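Report on the structure given below.
The values are calculated or read from the model by the stated rules, or taken from the named source; none is laboratory data. Not measured: the values here are computed from a predicted model. Cβ placement follows ideal geometry from the backbone for every residue including glycine, while neighbour counts extend to all protein chains displayed.
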Amino acid sequence: KSYKVDDIKYATNSADIDKASEYILDELITFLKENSQVRIEIQGHTDNVGTKDINYKLGIERAESVKRYLYETHQVPLHKINVISYGEDKPVGDNKTKDGRAQNRRVVIKVLA
């Protein structure tokens, strides 16, 4: 069984975690501490502005920023965290609109049992 956390959003061309996203990650820690056997996959996503290569790199940077936050702030063991970038390949919003692009600039965390 897997669980998804997907409310972590980013500004254009940014991999910085905002306070709202920190709160979401801090809430996730409670679950992770209660379920120490689980592993997580952090998926970085972007909108379609820029080249595929740049967006792939930005997706990795976003996923790595969450990994770093979980490790440095909450000491989540690194061997329990996998990061992957999908770049612009898995949009959830319409990249033709401002709101759609904002929805696509995100990190999704899958909690794997």
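Name the single residue, out of those in the stretch 8-59 being closer than 20 Å to residue 76 by Cα and in a strand (DSSP E or B), that is modelled with the lowest pLDDT. Step by step, filter the stretch 8-59, then rank; the result is 8.
One residue is enough: does the stretch 42-53 have a residue meeting the conditions surrounded by fewer than 20 Cβ atoms within 10 Å (Cβ to Cβ), in contact (Cβ under 8 Å) with a residue 12 or more places away in the chain and in contact with a Ser or Thr (Cβ under 8 Å, 6 or more places away or on another chain)? Yes, the stretch 42-53 contains a residue that is surrounded by fewer than 20 Cβ atoms within 10 Å (Cβ to Cβ), in contact (Cβ under 8 Å) with a residue 12 or more places away in the chain and in contact with a Ser or Thr (Cβ under 8 Å, 6 or more places away or on another chain).
For the stretch 71-108, the tally of residues that are hydroxyl-bearing (Ser, Thr, Tyr) and over 10 Å from residue 44 (Cα atoms) stands at 3.
Select, from 107, 5, 83, 111, the only residue that is of a type in the set (Val, Ile, Thr), surrounded by 15 or more Cβ atoms within 10 Å (Cβ to Cβ) and touching a Phe, Trp or Tyr at 6+ places or on another chain (Cβ under 6 Å). Walk me through it before giving the result.
Working: 107 fails: touching a Phe, Trp or Tyr at 6+ places or on another chain (Cβ under 6 Å); 5 fails: touching a Phe, Trp or Tyr at 6+ places or on another chain (Cβ under 6 Å); 83 fails: touching a Phe, Trp or Tyr at 6+ places or on another chain (Cβ under 6 Å).
Sole residue among the options that is of a type in the set (Val, Ile, Thr), surrounded by 15 or more Cβ atoms within 10 Å (Cβ to Cβ) and touching a Phe, Trp or Tyr at 6+ places or on another chain (Cβ under 6 Å): 111.
Considering every residue within the stretch 89-104, establish whether at least one is crowded, with 19+ Cβ neighbours inside 10 Å, touching a Phe, Trp or Tyr at 6+ places or on another chain (Cβ under 9 Å) and not hydroxyl-bearing (Ser, Thr, Tyr). So far as the stretch 89-104 goes, no, none of its residues is crowded, with 19+ Cβ neighbours inside 10 Å, touching a Phe, Trp or Tyr at 6+ places or on another chain (Cβ under 9 Å) and not hydroxyl-bearing (Ser, Thr, Tyr).
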